[in-house]
Each structure stands twice: as structure tokens, then as C-alpha cells.
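The values are calculated or read from the model by the stated rules, or taken from the named source; none is laboratory data. On a predicted model such as this, the values are computed, not experimentally measured, just so you know. All Cβ positions, glycine included, derive from the backbone under ideal geometry; neighbour counts span all protein chains shown.
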């Protein structure tokens, strides 16, 4: 309901009803019947978009200022930490993620590859031009060779070293078909490197509860389907809360050089250029050192019916703000 005491722009709408949909299919059905006026189109349903646009619906891609990732459990006490703590393991796994294919075949070009903690889209001053191309291009053969150079051997399709096996369970957020397709493609490509992954879908609330609890470090091994939004270009996107030792939003990754570079981004500098270069040094090390595996930054496809105005104009993806007080209904 409109807040009568709000001093800003007054809404012309009497109310907005938020309706939780349990799946992409149910949301699509609601958009198609008109039961939902503003919603989202999962990219797995992109080929059916004409069923909405033919009714006059508008579809607009919005990109968050942040990144999507695959999280590796490096919490102290986690059995997987002794494997994932090795940079070469993380490098090999990153080489097994085909971001170009994910963008083209799953997200229809609406999920540009990301090669570090700052996305390539939307454009911001924080992206070092050096990171507009991959540090670890997709190359499973090279990833396998890297693992073998460190003593891992293939046995029955799985890399083994002593008592350790490259065999894991990966959680992913259920209910989003494109996310499931992405997880399945990663699983398939990692298999070519001798990395066996079993997929386990999970509701987002349970997913977050499990992966963010360092007190139960062995409740998960790998997880994909989420990431981090920096809440707008005005936000300083350094990694202290994410990648520093003991970071509250981290997953156990710890590196003394990372800590120094993060601290350096908070020091005073004599110019904006010097400040930005300090940030880029942090950004490049983080991109190369892989505290998480980098995934595509998929757009959110905003759908609004023809009689609702001001939705796309007042949906600021990079800022994460949806200014609904500017929405209006056609008379």
C-alpha cells in the first residue's frame, strides 16, 4: 500500500501484490493469463517469449553489478579444504567451465562471461581492461594435464592421488531451469578432466543456510547458483567481506597476499587514478587466485504487461533498486 507519509514521488497505484511462484512454469503461466502483470522470464523459456510479446508484454534484460560463482568449501575442518586449497586444483576446475557455451546455448547471449570479481557487463570503472578476456580459457585437456603434472592419476574416469579423489557433490538452487542446465553442463565438462560431480538441487533458503555455516564445515562440498551483488556502481566493490581471511560472506579461502591487497584498497591515495590502480591490483590477484570459480553474469529478463508503465525505466539492475512508486497503470 502507498505510504501516505512518504515525501518522495507519490504512487498512483492503490496496491501492489507480491505473489510467490514456486517454479518458472507457474510464473510463465501467470504472465500469459494476465494474472501476473510484472514478473520474470527464465532464460530456459526464452524461445517461448513470443507467447508474451504477442500479447503486448515487454521483455527487458537487466544486469546486476556483481558476479555469479561456484563456491568451493575451504572452511577450516572441511574435508574438501585440503584439495580446494591448492591453486592448481581451482585453476583446472575453472578451465572446465565453458562460459562462452553457457552464454550462447543456455542464456541466449544474455549471460556475458565473467573472469573475476567485477563483471564485464554492466560497464563500470572498476573493471580492469585486462580482465575483459579470460585468464583461464575453457580447456579441459589443459586442466587435466595440470592435475596430472601434480601427481593425480586417472582411475576409472576419476582423478586420484593417494587417498584423495576428485569426486564431489555440488548443490545448486532448485526451481530455475537455466541454473540447472548450467550445472549439468559444468558437470559434463568437468568429467572430461576426471572430476566427478553429483548434482543435488536445493531450495535457496536451505542452500544459503548450509553453505554459510562454518560451524558445520562438512555439510557441503561445492555449490553453484548464487553470487554477490555490490548494490550499485556507487558501492566500493572491494573484497574484505568476501575474500579476506575470515570473511563473513566467504567460504574459508585465506591468503595473506589477498589480505594485503584488500587492505591497500582502503588506503588514502593522492589521486583517483592511484586509487583505481590499487583496486585493479586487488582485482587481478583475486581473478587469478580463484577464491571462488567465476560464472557468467546472467541477466534478469523483466516482463511487464502492456498496461503497466514505468517498469523497465525504473528498474535499476546495477543498483538493485526497483522504484515501484513510479509504476502506473494505463487508464
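From the list 166, 147, the one residue that fits, being surrounded by 16 or more Cβ atoms within 10 Å (Cβ to Cβ) and out of contact with any helix residue (DSSP H, G or I) (no Cβ under 6 Å at 6 or more places or on another chain), is 166. On the basis of being in the same structural domain as residue 222 (by TED's automatic domain parsing), touching a strand residue (DSSP E or B) at 6+ places or on another chain (Cβ under 9 Å) and outside any helix (DSSP H, G or I), does residue 151 make the cut? Yes. When the criteria are applied in full, residue 238 fails the requirement of being in contact with a helix residue (DSSP H, G or I) (Cβ under 8 Å, 6 or more places away or on another chain), part of a loop (DSSP other than H, G, I, E, B) and surrounded by fewer than 15 Cβ atoms within 10 Å (Cβ to Cβ). Inspect the range 51-63 for any residue being touching a residue at least 12 places away in the same chain (Cβ under 8 Å), crowded, with 19+ Cβ neighbours inside 10 Å and within 30 Å of residue 285 (Cβ to Cβ) and give the result as yes or no. Scanning the range 51-63, I find at least one residue that is touching a residue at least 12 places away in the same chain (Cβ under 8 Å), crowded, with 19+ Cβ neighbours inside 10 Å and within 30 Å of residue 285 (Cβ to Cβ), so the answer is yes. Scanning the range 11-45 for residues that are touching a helix residue (DSSP H, G or I) at 6+ places or on another chain (Cβ under 7 Å) and part of a loop (DSSP other than H, G, I, E, B) gives 11, 16, 21, 36, 42. The one condition from (1) touching a strand residue (DSSP E or B) at 6+ places or on another chain (Cβ under 9 Å); (2) more than 26 Å from residue 278 (Cα to Cα) that residue 139 does not meet is (1). Summed over the range 189-224, residues that are touching a helix residue (DSSP H, G or I) at 6+ places or on another chain (Cβ under 6 Å), surrounded by fewer than 15 Cβ atoms within 10 Å (Cβ to Cβ) and within 19 Å of residue 292 (Cβ to Cβ) total 1. Can you name the residue in the range 185-224 that is outside any loop (DSSP other than H, G, I, E, B) and touching a residue at least 60 places away in the same chain (Cβ under 8 Å) and is also farthest from residue 255 (Cα to Cα) among such residues? Per the criteria, the residue is 185. For the range 171-188, give me each residue that is within 14 Å of residue 25 (Cβ to Cβ) and either in contact with a helix residue (DSSP H, G or I) (Cβ under 6 Å, 6 or more places away or on another chain) or outside the structural domain of residue 98 (by TED's automatic domain parsing) (or both). If the condition is that a residue be within 14 Å of residue 25 (Cβ to Cβ) and either in contact with a helix residue (DSSP H, G or I) (Cβ under 6 Å, 6 or more places away or on another chain) or outside the structural domain of residue 98 (by TED's automatic domain parsing) (or both), then 177, 178 are the ones that fit.
Condition check for residue 12 on (1) in contact (Cβ under 8 Å) with a residue 40 or more places away in the chain; (2) surrounded by fewer than 19 Cβ atoms within 10 Å (Cβ to Cβ); (3) under 21 Å from residue 178 (Cα atoms): one failure, at (3). Tell me which residues, restricted to the range 302-315, are in contact with a strand residue (DSSP E or B) (Cβ under 8 Å, 6 or more places away or on another chain) and surrounded by fewer than 21 Cβ atoms within 10 Å (Cβ to Cβ). Once the filter is applied, which keeps residues that are in contact with a strand residue (DSSP E or B) (Cβ under 8 Å, 6 or more places away or on another chain) and surrounded by fewer than 21 Cβ atoms within 10 Å (Cβ to Cβ), the range 302-315 yields 302, 305, 306, 307, 308, 309, 310, 312, 314.
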